[in-house]
Amino acid sequence: FKNSWALKAVVSTQSTGVLSQIFKPQSDTITITTYLSPEDMDSVVLAVMPRKGLKRLQQEVQDLAHFATEKKADKFDLPHQLGILAEFSEVSNELLSVPVCKTISENIDVFDSIHFSDYYTGFKISQESQTETERPKPVKRLIFNFVIPGHGKRTKSSIMETTEPLLRMALHMMTKVHKFKLSKENKNKAEKHRIQVEEEYLKQTHAQRQEAAQARRDERKRMEKEKIQELDPEAQRRYEEREYKKSMRRSGPRVKQLKVKTG
């Protein structure tokens, strides 16, 4: 791979980012995250994860919510407890090859999830707290989550033996993603999908800026009202008179003066 690839492998007992940990007791985990440069990955959104949390994560993870739909897993020789999300069947058909599905099935006690995305922006932010500056820039990212059986009681050597098939699979899939190219038809659809998401984001942030500006105006009016209430009646009358004159000047027609030379 090119130097633009960044590979990070983490073995941790603090495994809140691993999907199955939401639904079962924590174990030691391995998370492999790979970030790619634009030329190293086509428009790909694919996830294989526990079916129990599939709907929830599809709603909460932004790229899955925007682009992915659930694909029928019957045609793939995968354990029944796993579900598939993908933007196009072409992606799942190509990347979830027979050897990949076989490796996952034979190591289901270790496998947790995979999530590939050319447009990863993290989890959704609540409407109450979201601002136009909070959404991160989309990145191309592959992530593999593996769960180590034994709840932290295995030795380092036995961990490596347990995870070796899936680690080899991860390297294989990195190469597959690097080489994979969408068909022209699906590539055009993917580009339209991403343009629509960007347009919707810009509309949303524009509305948020307008709401913020209105909130600032309302706050200034509230502070001015409180200030006026502290004045004596004569001072209030003079203040209101000045504000009325200002309002009339702003709303009145503008008269352009022309200088005419005579003689």
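A few remarks follow.
- In nm, spacing of pseudo-spin labels at Q210 and S247 (7 Å Cα→C-beta vector): 2.4 nm
- The residues of segment 60-104 have, on average, 45 Å² of accessible surface per residue, using a 1.4 Å probe with all protein chains present.
- Rounded to the nearest 10 Å², the accessible area of E191 at probe 1.4 Å: 90 Å²
- Each label point was placed 7 Å from the Cα along the Cα-to-Cβ direction; for D77 and D218 their separation is 6.1 nm.
- Pairs beyond 18 Å (Cα-Cα), from K137/K189; K75/K102; K52/K124; K124/K203; K72/K184: K137/K189; K52/K124; K72/K184
- Vicinal HN-Hα couplings computed from phi for segment 56-65 (Karplus, 6.51 cos²θ - 1.76 cosθ + 1.60; Hz; Gly/Pro x): 4, 6, 5, 7, 9, 8, 4, 5, 5, 5
The values are calculated or read from the model by the stated rules, or taken from the named source; none is laboratory data. Computed from a predicted structure; not experimentally measured. Positions of Cβ are generated from backbone atoms using ideal geometry, with glycine treated the same way; all protein chains shown enter the neighbour counts. Just so you know, the surface numbers come from the protein's heavy atoms only, side chains and all, with ligands and any DNA or RNA stripped out. Shrake-Rupley method; radii C 1.70, N 1.55, O 1.52, S 1.80 Å.
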